[in-house]
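Some notes on the structure that comes next.
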Amino acid sequence: MDCLFCKIIAGDIPSKKVYEDDVAFAFLDISPWQKGHTLVIPKRHSVDVLEDDEVLAEIGHAVARVGRLLKDKLGADACNVVSNAGGASGQEVFHTHVHVIPRFADNPGIGNMRAEVTADLDEVHQTLV
Ligand code: AMP
Ligand code: ZN
């Protein structure tokens, strides 16, 4: 199957991993909306959280762990936890993923979620691992 995120899990495409367990894999988003923007994905292929009754619960533990990691290690005050499901929502990669987006008190609110910061991914990755 020609799926970008399946290739990332297989290691065929490199990623900056921040967390992994038996069922989930998490890595830095290549175009972060905020410093530390992370994607949590199931290891098995799944299209989106609405097409798959089980997947959100399956990766829920990983989402919580990643969110706490971003708070603890990056000093985030909060996170947005977002999953786009369907093209009109903005979903571009059709392998289920949850965006965990660190938020900081000096730039609060849902309207500021998509800031598209220019954070150094290597530096952020080093802070998290
Ligand atoms: P969505 O628009 O919800 O489907 O989100 C897909 C996300 O995947 C976007 O935020 C992209 O920046 C991100 N993305 C695409 N390719 C890669 C990649 N190779 N490594 C990390 N993140 C990626
Ligand atoms: Zn896939």
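At-a-glance table
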| quantity | calculated |
| --- | --- |
| GNM flexibility winner over the chain from GLY67, GLY86, GLY109 (Cα, springs under 10 Å) | GLY109 |
| GluC sites (Glu not before Pro), loop per DSSP, at most 15 other Cβ atoms within 10 Å - longest free stretch of the chain | 1-50 |
| Cys residues of the chain counted as unpaired, since no other Cys beta-carbon is under 4.7 Å | CYS79 |
| Within the accessible area of region 26-107 (1.4 Å probe), percent carbon and sulfur | 51 percent |
| Heavy-atom surface of the chain, accessible at 1.4 Å and reported per residue (Å²) | 54 Å² |
| HIS45-ALA88 FRET efficiency (beta carbon distance; Förster radius 25 Å; 0.05 resolution) | 0.70 |
| Order of exposure, largest accessible area first, which applies to CYS3, CYS79 with probe 1.4 Å | CYS79, CYS3 |
| Of SER15, ALA76, THR38, farthest towards positive along the dipole that unit charges on Lys, Arg, Asp, Glu beta carbons give region 4-128 | ALA76 |
| Residue with peak Gaussian network fluctuation, the chain [Cα springs, cutoff 10 Å], from VAL66, VAL98, VAL117 | VAL117 |
| 5 angstrom amide H check on TYR19, placed H, neighbours 5+ away | ALA26 |
| Charge dipole (debye, nearest 20) of the chain; +1 at Cβ of Lys and Arg, -1 at Cβ of Asp and Glu | 360 debye |
| Solvent exposure ordering (accessible area, 1.4 Å, most first) of VAL124, VAL23 | VAL23, VAL124 |
| Mean residue ellipticity (222 nm) of the chain, computed from DSSP H runs ≥ 4 via -39,500 (n - 2.57), nearest 500 | -8500 deg cm²/dmol |
| The chain: relative contact order in percent, alpha carbon pairs under 8 Å with at least 6 residues between | 31 percent |
| Accessible heavy-atom area order of ILE59, ILE30, highest first, probe of 1.4 Å | ILE30, ILE59 |
| Residue-level accessible surface for THR118, protein heavy atoms, 1.4 Å, Å² | 140 Å² |
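The values are calculated or read from the model by the stated rules, or taken from the named source; none is laboratory data. None of these values were measured; they are calculated from a predicted model. Every residue, glycine among them, receives a Cβ derived from its backbone with ideal geometry; neighbour counts consider all protein chains shown. Each accessible area value is taken on the protein alone, full model and side chains, heavy atoms only, with ligands, DNA and RNA left out. Shrake-Rupley method; radii C 1.70, N 1.55, O 1.52, S 1.80 Å.
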